[in-house]
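Single-structure report; data block below.
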Amino acid sequence: MLVLAGGHGKVDPPTVVTDHLLPLIPTASLTVLEGTGRLSPLEVPDQVAGHVGAFVAPRAQPDCPRPAAGPAVSRSRKAFDNPFVTTQTDGPAAANRRTV
């Protein structure tokens, strides 16, 4: 398992990750991303993608079938069928409402 931590993280600094998380996951390896904090995927997306790609590449299975091309997110998932979310279809608030 790959564990990425921002070198300037205040919530979970690398020392906390090393002392408390890594002992619980024997196969984990820690990579500290210098110059970033907790939002590493937003702050240094190229570094995060590079480390994830390097971690996944040796584990890739070449004979694994690829999914058919299509939308990245299916809009028919049950997650969108939330009874607590309502959509107003008319009135002044409807112009400002974004539907998913």
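Within the range 4-21, being farther than 15 Å from Pro45 by Cα and surrounded by 12 or more Cβ atoms within 10 Å (Cβ to Cβ) holds for His8, Gly9, Asp12, Pro13, Pro14, Val16, Val17, Thr18, Leu21. Suppose we keep only residues that are assigned to a loop (DSSP other than H, G, I, E, B) and in contact with a helix residue (DSSP H, G or I) (Cβ under 9 Å, 6 or more places away or on another chain) within the range 35-66. Which one would you say is farthest from Met1 (Cα to Cα)? In this case the residue turns out to be Gly35. Under the condition of being over 14 Å from the mean Cα position of the chain (by Cα) and surrounded by 14 or more Cβ atoms within 10 Å (Cβ to Cβ), which residue from the range 31-46 is nearest to Gly9 (Cα to Cα)? Going through the qualifying residues, I end up with Gly37. Has the range 89-100 got any residue that is loosely packed, with under 10 Cβ neighbours inside 10 Å, part of a loop (DSSP other than H, G, I, E, B) and at pLDDT 55 or above? No: the range 89-100 contains no residue that is loosely packed, with under 10 Cβ neighbours inside 10 Å, part of a loop (DSSP other than H, G, I, E, B) and at pLDDT 55 or above.
The values are calculated or read from the model by the stated rules, or taken from the named source; none is laboratory data. Just so it is clear, the model here is predicted, and its values are computed rather than measured. FYI the Cβ positions are ideal-geometry reconstructions off the backbone, even for glycines, and counts take in every protein chain you see.
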